[in-house]
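Everything on this sheet refers to the single structure shown next.
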Amino acid sequence: MAKADRSATGDAQPGAHGAHGDRDAVRRTGPPKEDGVEARPGAGIEARITAVWRIESAKIIGAVARVVRDVGLAEDLAQEALVAALEHWPRMAREGGLPDNPAAWLMATAKNRALDHLRQRALHERKHEELGADADARGDHVVPDFTDALDARREDYGDDLLRLVFSACHPVLSREAQLALTLRLLGGLTTAEIARAFVVPEPTIAQRIVRAKRTLAEANVPFEVPRGEALATRLAAVLEVIYLVFNEGYSATAGDDWMRPALCEEALRLGRVLAALAPGEAEVHGLVALMEIQASRLRARTDAQGRPVLLLDQDRSRWDRLLIGRGLAALARAQALPGSDAGPYALQAAIAACHAVARTAADTDWARIVALYGRLLERTPSPVVELNRAVAVGMASGPAVALPFVEALAGQPQMQRYHLLHAVHGDLLAKLGRAQDARQAFERAAALTANEREKALLAERARAAAAQAAG
């Protein structure tokens, strides 16, 4: 996925760093708020429903999937609950108000849909005479109460979202399908948003998701957390998916908000559960460390109006020291395990730690960050990592040293439509006094991003460069 590691670039530079209808039509982008439907008092009912859905959809799908044992079917049933909300809530609002607990309403509706489905399936599977007058007495076609069924099936590792991730990351699927399906189910992203994140056409992502769900159903993939050797072999895909979900929350692909904190929280929670499940895996602790440290900056990344605040301009007193402490402790656990220093997540966590321990921006050890990115490039070569390293080089040695690296990356076709590349390019050009060239780079970056907050920031940088050129 072409999304930069914003631990160095995104904060340091301007943006651098079945047949149930069209689901995307009802899963419109709407920023989640911690207060649920009351987060946007003046917004329409549909926007309020979307906000709740963004927060709760993965939990609903996971809870239903544990009973119906079919991830694709679970999403269909959850979508039916969403459609029901879109149909009924406007009338409920006119008659006296919305549900007191919108999330519980959606969960209960989805469970009722699942219950209906299981009963209908039981009816179809049994002969008519077996469902006669004595069927109720026998109880052989009755589905247990959902609450009892869910509690009875809960295992020691019991976590619906974790099961959902492992099911969506099953090895019967390609890595691309795993990522797309999990972002759809766990992150609640639309097909268009996933397509932008992957930098591929929207129909390609739509086909991946449909085929992935069909493949899982045909393979009868169990809805469970794997054990033993199977767990170790599937961890890499799960870690990547969890971090992608975190990144979507840390810097939203699209929409009006710079961040979607609920996604960061879910990814962090899943990472912590994984760390407890696999305490001997250094990269699990490395990922948790990385997310904890990055999440510590969430409150400082926007101002009172929700506008982005870049790393060098952030009020570090607003950083969450508890999360930083947790992150540094997780990094220490990762580094104490064999082979930890070679892992990409542990290396990125070490980079994030350089920012976390610096009392001021001027105290940042950029030389160490450059070295760490060099090791990361050896471990996982990619143009995005090269871009991140170029940002660090610019901070450590000056923009003139970093500029050739960025311009070389600009010649790669896959990077030309990557808005963060142009944002970094513009920042370096502005520092070198090439204001007119910087304006063009910032305008190009603004045209390529789908996030409205980021677009506004980049447009502001372009105007500042234009003013500098005119002066």
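Each reported figure results from applying straightforward, stated rules to the coordinates on display, with no laboratory input. Being a predicted model, the structure only gives us computed values, none of them experimental. Cβ coordinates were reconstructed from backbone atoms using ideal geometry, including for glycine residues, and neighbour counts include every protein chain displayed.
One compactness figure for region 325-468 is 1.15, namely its Cα radius of gyration divided by 2.2 N^0.38 Å. Protection proxy ranking, highest mean first, for peptides 243-251, 201-209: 243-251, 201-209, where packing is the per-residue count of other beta-carbon atoms within 10 Å, averaged.
Calculated on C-alpha atoms, the gyration radius of region 227-306 divided by its Kirkwood radius gives an Rg/Rh of 1.05. Excluding Met92 itself, calculate the net charge of residues whose Cβ lies under 14 Å from the Cβ of Met92, where each Lys or Arg counts +1 and each Asp or Glu counts -1. Once all neighbours under 14 Å are counted, the net charge is -1. Each label point was placed 7 Å from the Cα along the Cα-to-Cβ direction; for Asp363 and Ala332 their separation is 1.8 nm. Take each peptide in 407-414, 233-240, count the other Cβ atoms within 10 Å of every residue, and average; sorted highest first, the result is 233-240, 407-414.
Taken over region 274-325, the convex hull of the Cα atoms encloses 91 Å³ per residue.
Remark: region 68-81, residue by residue, has Karplus-estimated 3J(HN,Hα) of 7, 6, 8, 5, x, 5, 4, 5, 4, 5, 5, 5, 4, 5 Hz, where x stands for each Gly or Pro and the curve is 6.51 cos²θ - 1.76 cosθ + 1.60 at θ = phi - 60°. For region 462-471, the Karplus equation 6.51 cos²θ - 1.76 cosθ + 1.60, evaluated at θ = phi - 60°, returns couplings of 5, 5, 5, 5, 5, 5, 5, 5, 6, x Hz by residue, with Gly and Pro reported as x. Pairwise inverse Cα distances across region 158-230, averaged and inverted, put the Kirkwood hydrodynamic radius at 12.5 Å.
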